[in-house]
Amino acid sequence: MSTPALSPHNEFNVYESAEARFEAASKKLGLEEGMYRYLRYPNKEITVYIPVTLDSGHLEVFIGYRVHHSLVRGPCKGGVRFAPDVTLDEVRALASWMTWKCAVVNIPFGGAKGGVICDPGKLSKGELERITRRYTAELSEWFGPERDVPAPDLGTNEQTMAWIMDTYSMHVRTTTTSVVTGKPVEMGGSQGRRAATGRGIMIVCDKALARFGLKREDTNVVVQGFGNVGATAASLLHQAGYKIVGVADVQGGLYNESGFDVLKLYDWVYHQHKPLPDFPGGGARMAAQEVLFQPCDILVPAAIENQITSENAHRVQARILCEGANGPTTAMADEALDRKGMFVIPDVLANAGGVTVSYFEWVQDRQGLFWRESEVNERLKDVMEHSFDEVVRYSETHDVSNRIAAYMLAIDRVAFVLKLRGIYA
Ligand code: GLU
C-alpha cells in the first residue's frame, strides 16, 4: 500500500487536501486530462447574503454558501453546516467529498455542501429559524428533489431540515418532503436516519475486526467528538461489546483504560446537560486533541477537520483509523500513517452511512411508503459491507492505500457516467 507524497501549499486548507488526494488518485487511475479538469472544479458556487432581524431588533447580515460539486450521477446531495468559521474553501472541499462519498457507496447522487457563517450556540431558536428560512428562500431555485437535496451537518439538525422543507414547499406551493433528508420521522423522515452515520461506523469497524481477527470485547476504541456522529458511534460500539476507553468533545477529553459506560455518559451529557470532562465515571482528563494519541486499537475522530496532521500523525497509537468526521486527517498526514502501516477507513467510506440512509429517506418520500427501522438498518449494513469490501479489494489490486483506492473507485464511477452523458455544448 502506498500513497504518493501529497504536498498542499497550506496543510490546513481542506480544499487543498481534497485536491491533493483527487490529483493523486486521478494520476494513479490514468484519468484523461479533460475528465480531470472537469471533475476537479465544482459545477456551481453560490454565495448568499442573509438579512435577519435578531431578537434585539438589530438587523444583521449573515453570509451563506452552497456549492454544487457534481450532478453527473444524479441530483447533488450534502449537508448544511452552521458554524462561525465556515469558509467557501471548506464548503468546496466538503462538496467534492460528497461526490466521492456517494460514488463510493454507489448511490445515485452527486455532491453538494452548504454553510452559513454563524454561531448556533449564541442564537435563539427564532433567530435560527429566520436564518434558515431566508437561506432556503435565496436558494429555492437551486434546491429540489431532482436538483439539490440538503441534509443536517455540524450545527444543524432535524428542526433545521423541517424549516427548509416548509420554506421550499411554500415557495413551490406543493408539500415536497423529498427536498431534504434528515427530517423528523413524523414529517417524512426515515427511521434510523439519526443514528445512521454512527451505525455505519460500527459496521465498518466490525469489518476491520474480521480482517484483523480481533474480537469486539478485546478491542479498545477512542472516539473524539460527542455530537450526533461521535455519541451514536460510541454508544453503538459500547452496546456491541467494544470497550470505549477514550472520549472527547469541545470541552475536553477523558481516557480510562478500563472503559466507560457510554450510556451513562450519554445521559450525563444529553439529559443532565453536564460537561463531558466532569463525568464521574473515572478517567484522566486531557485536552480534546490529546485523546487521539492515547493507546487503543481503533481511533474514531468524529469531530472536526484537520485533527491528525503531519506534525502529530506519528503520535497516533491505534492500528485502525476510522474517520467519522469529514477530513479529520490532512493530506500531508497520509504518508506518515501509511508508513506506520495504519489501516485507514477513509471518511468517504467510514461516514457514508448518513448519506446512505438519506438516500433511503429520499426513496421512501418519493414512494410515499415507509420502511421499518430493521429494514433500513439491514439495507444500510448491506451497502456499507459491500462498499468496504470493494474499497479494500481495489486497494489490494492497485497497491494503493484505502483512501486513494476509495477516491479512485469513486472518480472512475463518476467519469464513466460523465463519458456516457457527454458534454453538453
Ligand atoms: N452531512 C452528512 C455528510 O457529511 C450527511 C449528508 C447527507 O445526508 O446528505 O455525509
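Each reported figure results from applying straightforward, stated rules to the coordinates on display, with no laboratory input. Since we're looking at a predicted model, the values are computed, not measured. FYI the Cβ positions are ideal-geometry reconstructions off the backbone, even for glycines, and counts take in every protein chain you see.
A few points about this structure:
- Anchor residue 183: aspartates and glutamates whose Cα lies under 16 Å away (excluding residues fewer than 8 positions away in-chain): 129, 148, 153, 158, 166, 361, 365, 373
- Rounded, prolate or oblate (a/c below 1.5 giving rounded, otherwise prolate when a/b exceeds b/c) for region 292-332 by Cα gyration tensor: oblate
- Helix-only [θ]222 nm of the chain, DSSP H runs n ≥ 4, -39500 (n - 2.57) each, per residue, nearest 500: -13500 deg cm²/dmol
- Computed over all pairs of different Cα atoms, the Kirkwood value for the hydrodynamic radius of region 17-106 is 14.9 Å.
- Debye equation applied to the C-alpha atoms of the chain, log10 I(q)/I(0) at 0.06, 0.10 Å⁻¹: -0.22, -0.65
- Peptides 194-201, 383-390, 20-27, ordered by how many other C-beta atoms sit within 10 Å of their residues on average, highest first, read 194-201, 20-27, 383-390.
- As a proxy for reagent exposure, ranking 101, 125 by other Cβ atoms within 10 Å from fewest up yields 125, 101.
- Relative contact order, percent, the chain [alpha-carbon distance under 8 Å, six or more residues apart]: 18
- Cα gyration tensor category, rounded, prolate or oblate, for region 204-340 with a/c compared to 1.5: oblate
- Size of electric dipole in the chain: Cβ of Lys, Arg +1 and of Asp, Glu -1, about Cα centre, debye, nearest 20: 680
- Counting neighbouring Cβ atoms within 10 Å and putting the fewest first, the residues 271, 69 line up as 271, 69.
- For region 223-366, the antiparallel share of DSSP beta bridges with both residues in that region comes to about 40%.
- When each of 28/101; 101/122; 381/419 is checked by Cα-Cα distance, pairs over 27 Å: 101/122; 381/419
- Distant-in-sequence amide H partners of residue 78 (H built 1.01 Å from N, under 5 Å): 112, 149, 151
- Under the simplified labelling scheme, the residue 312-residue 40 pair shows an inter-label distance of 3.2 nm, with each label point 7 Å from Cα along Cα→Cβ.
- Fraction of antiparallel bridges per DSSP, region 24-162 only, in percent to nearest 5: 60
- Working from label points 7 Å from Cα in the Cα-to-Cβ sense, the residue 278 to residue 47 distance is 4.2 nm.
- Dipole magnitude for region 34-156: computed about the Cα centre from +1 point charges on Lys and Arg Cβ and -1 point charges on Asp and Glu Cβ, it is near 480 debye.
- Rounded if a/c under 1.5, otherwise prolate or oblate - region 270-384, Cα gyration tensor axes: oblate
- By the beta-carbon count within 10 Å of each Cβ, the least crowded to most crowded order of 163, 142, 362, fewest first, is 142, 163, 362.
- Listed residues 80, 222, 313: farthest to the positive end of the dipole of the chain (Cβ charges): 80
- Taking a sphere under 9 Å around the Cβ of residue 158 and counting the other residues whose Cβ falls inside, with K and R at +1 and D and E at -1, yields a net charge of +3.
- Summarising the strand pairing of the chain, around 50 percent of its internal DSSP beta bridges are antiparallel.
- Simple label model, 7 Å out from Cα along Cβ direction - residue 270 to residue 393, nm: 3.6
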